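The next block holds one structure in the form of structure tokens; read it before the comments.
We did not get these values from a lab; they are worked out from the coordinates using the rules stated. Just so it is clear, the model here is predicted, and its values are computed rather than measured. No Cβ is skipped: glycine too gets one built from the backbone with ideal geometry, and neighbour counts run over all protein chains shown.
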Amino acid sequence: MDSRPIGVFDSGFGGLTVARALIDLLPNESLVYVGDSGRYPYGSKPLEDVRGYAHEITQWLIDAHDVKMVVVACNTASAAALDELQRTYDRPIVGVIDHGVNSLLKVSESNNVGVIGTVGTIGSGAYQTAVTAADPNVRLVCAACPGFVEFVERGELASDQVRVLAQRLLSPIVDAKVDALLLGCTHYPFLARTIAEAVGREVVLVSSADETAFGVRSTLVANGTLREGTPVPPVFLSSGDIDEFARIGAMLLGPEVKDVAQWVSTGAAPTEVSNEE
Ligand code: DGL
């Protein structure tokens, strides 16, 4: 039994897909979520910069909240920094890439699969490596989808513009005739309807959120660190506009996103200022 919170972070709203799965699967756990909306998108930035952000937020979650575990709820940050974070910090650090690949390979019947993600994630080769390590006989087609994250951050999930962009960016996936497509960016499940329309309803869309939550539960069980007792509300922080984060966050995750506190990056020791009275 360990009552300390679990830290979760992403470049913005995407990690809320993982936070939702964690809240649903592990309602007794306490969560501290940092959405780095002030510096999003991560996917078009050099991986070294994203690695720096990942270290800064992880260190802050440990220093300010003594989190018992950190969930890197962002594919780009997982691709850029997961191994290094796991080597650096003295507590479990969980990413989304291997969990997503597990789900993808479980649902595919044809072994002809797709992964979409940010330019940073797809360019890193992390998915190509993870899929080949899991099963070298799988045929994988990858596509980067620059622009999707910006639509989600604006709360624009089904406009004509995002539909047109999806049709253009997803044409290599349609041409490859995959039977399962992994949404390899935690923002993308919020665009699931638009993506399904573009690739065809027969393609199974896979999100890494649930499998990641199951992975978190297994680690907590194995370490004897599940939290027991009365649930406490999750804590949300954003490095961007906190009122906007509260408004769009509640629309995307649900009523658990209420008061959002400001997270300020100082490069070394970020501080927290609440918007609560
Ligand atoms: N949600 C992050 C991911 O899974 C992404 C994005 C971004 O800021 O570009 O990669």
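Per-residue HN-Hα couplings for the range 88-95, Karplus 6.51 cos²θ - 1.76 cosθ + 1.60 at θ = phi - 60°, whole Hz, x for Gly and Pro?
These are the phi-based 3J(HN,Hα) values: 8, 9, 8, 9, x, 10, 10, x Hz.
Sorting check: for 168-181, 65-78, 216-229, which peptide has the highest mean count of neighbouring beta carbons within 10 Å, and how do the rest follow?
Packing order, densest peptide first, comes out as 65-78, 168-181, 216-229.
Measure off 7 Å from each Cα along the Cα-to-Cβ vector at ASP66 and THR88, then give the distance between these two points in nanometres to one decimal.
Taking the simple label geometry, ASP66 and THR88 are separated by 2.2 nm.
May I ask for the angle, rounded to the nearest 10°, between helix 242-252 and the longest principal axis of the chain, with both axes built from Cα atoms and the value confined to 0 to 90°?
The two axes meet at around 50 degrees.
Label the range 70-185 by shape, choosing from rounded, prolate and oblate, from the square roots a ≥ b ≥ c of the eigenvalues of the Cα gyration tensor; if a/c is under 1.5 it is rounded, and otherwise prolate applies when a/b is larger than b/c, oblate when it is not.
oblate
Can you give the convex hull volume per residue for the Cα atoms of the range 126-246, as a whole number of Å³?
Cα-based convex hull of the range 126-246, divided per residue, equals 160 Å³.
Using only the C-alpha atoms of the range 1-139, find the volume of their convex hull and express it per residue in Å³.
Cα-based convex hull of the range 1-139, divided per residue, equals 114 Å³.
In angstroms, what radius of gyration and Dmax does the chain have, counting Cα atoms only?
17.7, 57
Checking the cross-link filter: which lysines have an alpha carbon closer than 19 Å to that of LYS177, excluding same-chain neighbours under 8 positions apart?
LYS106
Whole-Hz Karplus ³J(HN,Hα) for the range 114-128, in order, using 6.51 cos²θ - 1.76 cosθ + 1.60 and θ = phi - 60°, x for Gly and Pro?
Taking θ as phi minus 60°, the curve returns x, 9, 10, x, 6, 4, x, 5, 5, x, 5, x, 4, 6, 4 Hz for the range 114-128.
Amide H to amide H, which residues 5 or more places from ALA180 or on other chains are under 5 Å from it, using H placed in the peptide plane?
Amide H to amide H, under 5 Å and 5 or more residues apart or across chains, ALA180 pairs with GLY114, VAL204.
Restricting everything to alpha-carbon atoms, can you work out Rg to Rh for the range 187-257 with a Kirkwood hydrodynamic radius?
Rg/Rh: 1.07.
Work out from phi, with θ = phi - 60° and the Karplus expression 6.51 cos²θ - 1.76 cosθ + 1.60, the ³J(HN,Hα) of each residue of the range 26-32, listed in order in whole Hz, and give x for Gly and Pro.
10, x, 7, 6, 9, 10, 10
Between GLU150, GLU256, GLU109, which gets the highest mean-square fluctuation from a Gaussian network model of the chain, Cα cutoff 10 Å?
The residue with the greatest mean-square fluctuation here is GLU109.
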